[in-house]
Amino acid sequence: MVKKLEFKSYKDMPIRAMTLSTMMWNLTGSWRNVRPYYDFKTSPCIAGCPTSENIQKYIYLVTEKRYEEAWSTIIESNPMPAITGRVCFHPCMSKCTRKDYDEPVNINAIERSLGDMGLDNPGWMTKVKGTESQKVAVVGSGPAGLSCAFYLARAGFTVTLFEMEKALGGVLRWGIPEYRLTNEVLDRVISSMLEAGPIEVKTGVEVGKEISLEELEKDFDAVFLGTGLTKSRSLGMDGEEGDGIEAGLSFLKKVNGGEKVDPGKRVVVIGGGNTAMDVARCAIRSGSEVTVVYRRTINEMPAIEEEIEEAEREGVKFHFLAAPLEIKRNGDSLTSVVFQKMELGKPDESGRRRPVAVEGETFEMEVDRMFSAIGEQADLEGIDGMLDCEWNLIKADQKMGQCSREKFYAGGDVVTGAASVVEAIAAGRKAAEKMIRGFRGQSEPEEIEDRIVGIDDMNIDYFTKVKQNRVPRIPSEEIKGTFREIKTGYTDELLEKEAERCFSCGVCNYCDNCWVFCPDVAIHRRENEYEIDLDYCKGCLICVEECPRNALSTREEGK
Amino acid sequence: MKKVIMGNHSVSHGVMASEVKVISAYPITPQTHIVELLSEMCGNGDIDAKFIKVESEHSAMAACVGASAAGSRAFTATSSQGLLLMHEMLHWAVGARLPIVLANVNRAVGPPWSIWTDQNDSLSQRDVGWLQIYCESNQETQDTIPQAFKIAEELQMPVMIVLDAFFLSHTYEIVDIITKEEVRKFLPEYKPEIKIDTKDPHSFGNLGGPDVYMELRYMIQEAMEKGIDVIKRVDKEFEEVFGRGYGLIQPYRCDDAETILVTSGTVSSTTRAVIDQMRDEGIKIGSLKIRVFRPFPFEEVFEVLSKAKKVAVIDRNISFGNGGIFYQEIKSALYGRTDIPIVGYIAGLGGRDITPSVIREIADKAIGDDKPERYINWIGVKK
Amino acid sequence: MKPAVMPLEELMGSGHLACQGCGATQAMRFALKVLGPETALVIPACCWAVIDGTFPHSAVNLPIYHTAFETAAVVASGLKAGLEMRGDTETTVMAWAGDGGTFDIGLQALSGAAERNDDIIYVCYDNEAYMNTGIQRSSSTPVGAWTTTTPVTNYKREPKKNMIDIMAAHSIPYIATASTAYPHDFMAKVKKAKSIRGTKYIQIFAPCPTGWKMAPELSVKSARDAVTSKVYPLLEITEHGQKLKVWKDFEPTSVRDYMKVQGRFRHLKDEEFDQIEKDVEMKWQRLVAKEKMLASIPGLIE
Ligand SMILES: Cc1ncc(C[n+]2csc(CCOP(=O)(O)OP(=O)(O)O)c2C)c(N)n1
Ligand code: SF4
Ligand code: SF4
Ligand SMILES: [Mg+2]
């Protein structure tokens, strides 16, 4: 503490007014009515991410070229950024503040770059030994199962991963075409995850049929079911079983399995979801003319917008407000399909307007091949009865995955119905976390409500309009006959430029503004933080006002 | 080396010999020759100084304040209106305790415009806290400059040297010119400990509350009081080197004088001639020149005047509503210690000549009036 | 953490006596960060004479000379001369004065120093009134403003004095305007000024929340809005008045929005705002035209 100098006698004084000390004795903090404090809030992107990736943080780390830390940040909530970075429908980006300013940050592309860096740097993945006594069976190696197994193993628990197919990956392998997610990337991701901890893999084993849930219940301390949706929903039409008509999923499985298939010249795909888009785009790559027929309009299509755009770009035609009515054959072979014209009626329970037939209006389309992609269903054989099920899905707690029997957890599409990869990852992780807390006797964490900041909370004077950096890709003309990955990903330079676009909403990114503008030199700049010196802060609140990202709040003194 | 030079140039020579480092001035009659010669001296390298040719006297003093604060010896010269314009900064130099030396050529203040001598300009600066030394000859003027620096630097107080317009400033006299080399023996290089210095940073002159102001003012007065001895000592030191000394006051034939005329500036020489004449007539009269006006040499003055029967003070100035300023000072020096009558005479304002006959008139009046009614007597006013 | 956006060294410390949100204080901190410890300041009467603190204390760890209101420039000249004469040629001497001490009472001394081209930096922190004495008008007060000597019943009718043109008429080597909202610009200008010999004049727009009847947290915002609304253009005049550079790389904002958050303009009516907006635009156009004109004179600049 600097003391105020006082003179007892003039003899102690200099002969002229001349300073001998600083003003630090003058604790101007007493002038303050309101105090500022650092108070980080939730970036909307994070709130928008189903698995709550700390997007703001890893983008910030990218701006500092701290890639390994950035990658690790993702891994805390998503073990496969190389995959989500390719296939996620990125709801984070629809929440990004920049969307209300110019264009959202391409979080997805940044995530992919980091995911790829992780694959190229296997050393980044810390390897964990089985340190815990409990064992968990994870059934299904799709995104939910893999995620659950990964987080359990990372915590030192031994996992046995059951998969009915020969190869791991589930829907990632069988449902997503090469041009979006190559088998090579998938294999690398899976093997990196398996190496991370004690995971034993059992492929070609159908749980519920070859091994019963009772057995698992007996042998393991917990069981996670992430079996997904494996059965295609049928059209329910006469002649559906015959030649020329196939479930989209089985077609995709063949294509993804590397089988050479000729879908024929004129192909029609029924449906508006991601499977429909995948089927259409695979068919177009095999040289077919493809029309997607959907019973509602483009606005109601459940497929990712980008997928629809890509399909259109590649030459897929769309026919909306129509549904197959009658299959026509010449002998065994399919010749044409008659369609019923539809219109939109009242909204159904999903909130979408229900399609209704326009009486008497039909049309016919000549077709060599028709794929149905109107949805998939869970195969609950051996599960139903043991666990409570509803709507042909397993009934489980949506947040933690707890099922009706104590040791059982479930997550992913088998619980939610057709959803997304990232939601399945989140479900797998959360179930793992819940199990771990149970094993360790830890209490459930308190739920804190997110304070999400938006554009109105920010000081946009500090931002300038910069367009999103487009992801390099192979030209659309070159896609025919190849299943090459379309997007080649950001270069280092683009990655950095795109990361710079992030506003870091609600969270300090060390822009120094508060420190720069403090008239009272009351903000100390420390390593990775700032400190407000309340002895001197007069409470002007310039720091709060000038923080571009609302990382400070105020509180009245004495309250 | 002896030369016949004008009073103004004797100032310049004094400045050159004192090795002043920064000069800042603004021209005004009758001071102009001082700065003209100094400009020349700076130009031809006779003196190693920076001459800041400012746009006003206020700035001249302000520039000296800056230069002196930086630790360099600073000088300016002015007169009358110029000195009055400086007023604010004269205070500043005192409060800041800066040893600036200023030569003021006494000139009457307008309106009407007057370029001729009287002392109202410098005497109206009486209370700012500058030491004031009134000179009588060109030699004394020159010699007083290095003395002034030595006094100023020791006391950390500014010193004003005063000389009469024209009667001294423009009058040529023989002067034994002093040189830098000689002066160095008397006046050491100026190296203040406290100054504007980035290696020892202080803020000077910032806000001072009622808790400190009086003490700072007390110390200024203390310096002034100490000044009496310092001036005496410095004068002696000067005399040791140059063989000339001037003292605080200069009594002339006062030992047995019944009447003493008190003077300052060039009037002093004229008065001495009149004294000689009157002594020849057998009149016991003497004169006392006040050289140092601030600090006022109370004791020395008392010593001389207390032996007389009557004191007459000649003032080339007037404090309106009171009287002559020297007169007031003399009164206060004798107050309560004697009851000798003291009479004040106002003469020679605005350059009106104070001739021997004017002085004789004053002397006669002083001796004649046993009990003058008015203690302020105007001499030569056309009534 | 990224490297700091400005030098870490603090020559101005806490505990000073400035009001909450004082722009003049921010400006000082910025300037000192680039000038560094080999700097001496001259401060005349103005808020900064108080901000510095009370004898025997100072909030600034530099030699400072506090001087009379109208003498900042010339005391700086004298100081520089004095330093040089005692062998210190390195110290940068900066006069630091308010708009009153610059546009009004100190104009003469500043003109003198500029005409002599004395080697000083003169910074005028422009808060557009005599704040230290309680918010009286100065010739820098903008038209329309309330001050205690231009009450709302008789608000200031006269436009702000164009001090920049006055300084440009002195042909000094460097003139610039700045704003506390753009510290890096200001610091770059101070740095440039330090590297040039002769008289450098920088006028920084420094909001005074107290005198403008404005919430202190809006200090920086108003300093930014003044620039982007073209009320206070950021410019540089170099080559002894021959070259003018006006900063235009911003999204223009509304003059009215800038003024409306400040209580000193609260009494103005719509028509009066209209007129002020027109004047601002007209002056801006003239400034830009002048910039073009100067750039187009062939052979003027190599
Ligand atoms: C000769 C003189 N006249 C008047 C004053 C009173 N005075 C002190 S500061 C000031 C106003 C200063 O205004 P400005 O230069 O704009 O600085 P600010 O206070 O706004 O920071 C005035 C009028 C003074 N100190 N000296
Ligand atoms: S700007 Fe950055 S932190 Fe803010 S929402 Fe977008 S990505 Fe998230
Ligand atoms: S102003 Fe910048 S440094 Fe300060 S809290 Fe906000 S983001 Fe962090
Ligand atoms: Mg001001």
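Below 8 Å, C-alpha to C-alpha, sequence gap of six or more: please give me the relative contact order for chain A in percent. It would help to have the intermediate numbers written out before the result.
Values: 1154 pairs, mean separation 118.9, N = 559.
After rounding, I find 21 percent.
Give me P(r) over segment A:34-142, computed from all C-alpha to C-alpha distances, binned every 5 Å, as integer percentages. The distribution over segment A:34-142 is 2, 11, 19, 20, 17, 12, 9, 6, 2, 1, 0, 0, given as percents.
Computed over protein heavy atoms with a 1.4 Å probe, the accessible surface of chain B works out to 38 Å² per residue. Each listed q (0.09, 0.10 Å⁻¹) maps to a log10 I(q)/I(0) for segment C:23-296 from the Debye sum over equal C-alpha point scatterers, namely -0.39, -0.48. For segment C:95-168, applying the loop criterion from DSSP together with a ceiling of 13 other beta carbons within 10 Å to the trypsin sites (Lys or Arg not before Pro) yields C:Arg157. Compute the separation of the alpha-carbon centres of segment A:390-441 and segment C:169-208 and state it in Å as a whole number. When both Cα centres are located, 64 Å separates them.
Only Lys, Arg, Asp and Glu carry charge here, each on its Cβ (+1 for the first two, -1 for the last two); on that basis chain A has a dipole of about 1500 debye about its Cα centre.
Taking every C-alpha pair closer than 8 Å and separated by at least 6 residues, the mean separation divided by the residue count of segment B:2-242 gives a relative contact order of 25 percent. Label 7 Å along Cα→Cβ of B:Ser269; segment B:1-27 residues with amide nitrogen under 20 Å? In segment B:1-27, the label zone of B:Ser269 (backbone N under 20 Å from the point 7 Å along Cα→Cβ) covers B:1-15. Extension gain for A:Glu529 to A:Glu477 (0.36 nm times residue separation, less C-alpha to C-alpha distance): 13.6 nm.
With the cut-off at under 12 Å, measuring from each backbone N in segment A:250-280 to a point 7 Å along the Cα-to-Cβ line of A:Ala167 picks out A:253-259. Comparing C:Glu236, C:Glu251, C:Glu115 in a Gaussian network model of chain C where C-alpha atoms under 10 Å apart are linked, the largest mean-square fluctuation is found at C:Glu251. Extending 7 Å from Cα along the Cβ direction at C:Lys290 and again at A:Glu557 yields two label points whose distance is 4.5 nm. Do the sum for chain B: with -39,500 (n - 2.57) for every DSSP H run of n ≥ 4, divided by all residues, what is the mean residue ellipticity at 222 nm, to the nearest 500 deg cm²/dmol? One gets -13000 deg cm²/dmol as the mean residue ellipticity at 222 nm. For the segment C:163-169, counting C-beta atoms of other chains within 10 Å of every residue's C-beta and taking the mean gives 0. Have a look at B:Asp118, B:Asp235, B:Asp48 and tell me which one the Gaussian network model of chain B (Cα, springs below 10 Å) gives the largest fluctuation. Most flexible of the set in this elastic network: B:Asp48. The A and C chains share an interface that buries close to 3600 Å² of accessible area, total over both sides, probe 1.4 Å.
Note on B:Ile376 and A:Glu184: their simple-model spin labels are 11.2 nm apart, each label 7 Å out from Cα toward Cβ.
Each of B:Ser39 and B:Lys331 was given a label point 7 Å from its Cα along the Cα-to-Cβ line. The distance between the two points is 4.5 nm. Compared with the dominant Cα axis of chain B, that is its longest principal axis, helix B:356-368 is turned about 60°. Taking each residue as 0.36 nm, the span from A:Glu6 to A:Leu325 lengthens on full extension beyond its C-alpha to C-alpha distance by 104.9 nm. As a fraction of the 1.4 Å probe accessible area of the protein assembly as shown, surface on carbon and sulfur atoms comes out at 51 percent.
Contact residues in segment A:13-39 (at least 50 Å² less accessible area with all protein chains than alone, 1.4 Å probe): A:Met13, A:Ile15, A:Arg16, A:Ala17, A:Met18, A:Thr19, A:Met23, A:Trp31. Translational diffusion coefficient of the protein assembly as shown (Stokes-Einstein, Kirkwood radius from Cα pairs, 37 °C, 0.692 mPa s): 86 µm²/s. Against the empirical curve 2.2 N^0.38 Å, the C-alpha radius of gyration of chain B lands at a ratio of 0.97.
First check a/c for segment B:249-378, with a ≥ b ≥ c the square roots of the eigenvalues of its C-alpha gyration tensor; if it is under 1.5, answer rounded, and if not, answer prolate when a/b is larger than b/c or oblate otherwise. Here segment B:249-378 falls in the rounded category.
Between B:Asp46 and B:Asp339, what's the calculated FRET efficiency when r is the beta-carbon distance and R0 is 51 Å? Round to 0.05. Result of the calculation: an efficiency of 0.40. Once the partner protein chains are put back, segment B:207-236 shows a loss of at least 10 square angstrom of accessible area, versus the chain by itself, at B:Leu207, B:Asp211, B:Val212, B:Glu215, B:Leu216, B:Tyr218, B:Met219, B:Glu222 (probe 1.4 Å, ligands and nucleic acids excluded). Give me the Debye-computed log₁₀ of I(q)/I(0) at q = 0.09, 0.13 Å⁻¹ for chain A, equal point scatterers on Cα only, no solvent, two decimals. Here the Debye-derived log intensity ratios amount to -0.78, -1.34.
Could you tell me the total accessible area buried at the C-B interface, probe 1.4 Å, in square angstrom to the nearest hundred?
3000
If you bin all the Cα-Cα distances of segment A:213-326 at 5 Å, starting from zero, the percentages per bin are 2, 10, 19, 20, 18, 10, 6, 5, 5, 4, 1.
Its Kirkwood hydrodynamic radius, worked out from the mean inverse distance over all distinct Cα pairs, puts segment C:154-195 at 12.4 Å. FRET efficiency for the pair A:Asp102 and C:Leu8, taken as 1/(1 + (r/R0)^6) with r the Cβ-Cβ distance and R0 = 35 Å, rounds to 0.55. Buried between A and B is an accessible area of approximately 1300 Å², summed over both sides with a 1.4 Å probe.
Give me the 1.4 Å probe accessible area per residue for segment C:23-296, excluding ligands and nucleic acids, in Å². Before the final figure, lay out the partial values.
On the way: 9110 Å² over 274 residues.
Averaged over the residues of segment C:23-296, the accessible area is 33 Å².
Label point of A:Asp457 set 7 angstrom out along Cα-Cβ; within segment A:25-64, amide nitrogens under 13 Å from it belong to A:39-48. Averaging the sequence gap over all C-alpha pairs within less than 8 Å and six or more residues apart, then dividing by the number of residues, gives segment A:55-214 a relative contact order of 22 percent. The spacing between segment A:64-90 and segment B:31-107, judged by their C-alpha centroids, is 74 Å. Judged by the gyration tensor of its Cα atoms, with axes a ≥ b ≥ c, segment B:90-219 is oblate; a/c meets the 1.5 cut and b/c is at least as large as a/b. So, in Å, what gap is there between the alpha-carbon centers of segment C:229-277 and segment B:172-201? Their Cα centres are 53 Å away from one another. Cross-linked pairs C:Lys161/C:Lys260; C:Lys189/C:Lys243; A:Lys65/A:Lys127; C:Lys221/C:Lys260: Cα-Cα separations exceed 18 Å for C:Lys161/C:Lys260; A:Lys65/A:Lys127.
Take B:Lys309: with every protein chain present and a 1.4 Å probe, its accessible area is about 130 Å². Can you work out the FRET efficiency for the pair C:Met1 and C:Ser111, with r the C-beta to C-beta distance and R0 = 60 Å, to the nearest 0.05? Efficiency computed from Cβ-Cβ geometry: 0.80. Residues in chain A average 45 Å² of solvent-accessible surface per residue, probe 1.4 Å, ligands and nucleic acids excluded. Of all lysines in the structure, the ones whose alpha carbon falls short of 20 Å from that of B:Lys310, not counting any fewer than 8 places away in one chain, are B:Lys284, B:Lys289, B:Lys331, B:Lys365, B:Lys371.
The values are calculated or read from the model by the stated rules, or taken from the named source; none is laboratory data. Predicted model, so just to flag it, every value in this text is computed and none were measured. Virtual Cβ from ideal backbone geometry, glycine too; neighbours counted across all protein chains shown. Side chains are part of the model used for accessible areas, which takes the heavy atoms of the whole protein and leaves out ligands, DNA and RNA. Shrake-Rupley method; radii C 1.70, N 1.55, O 1.52, S 1.80 Å.
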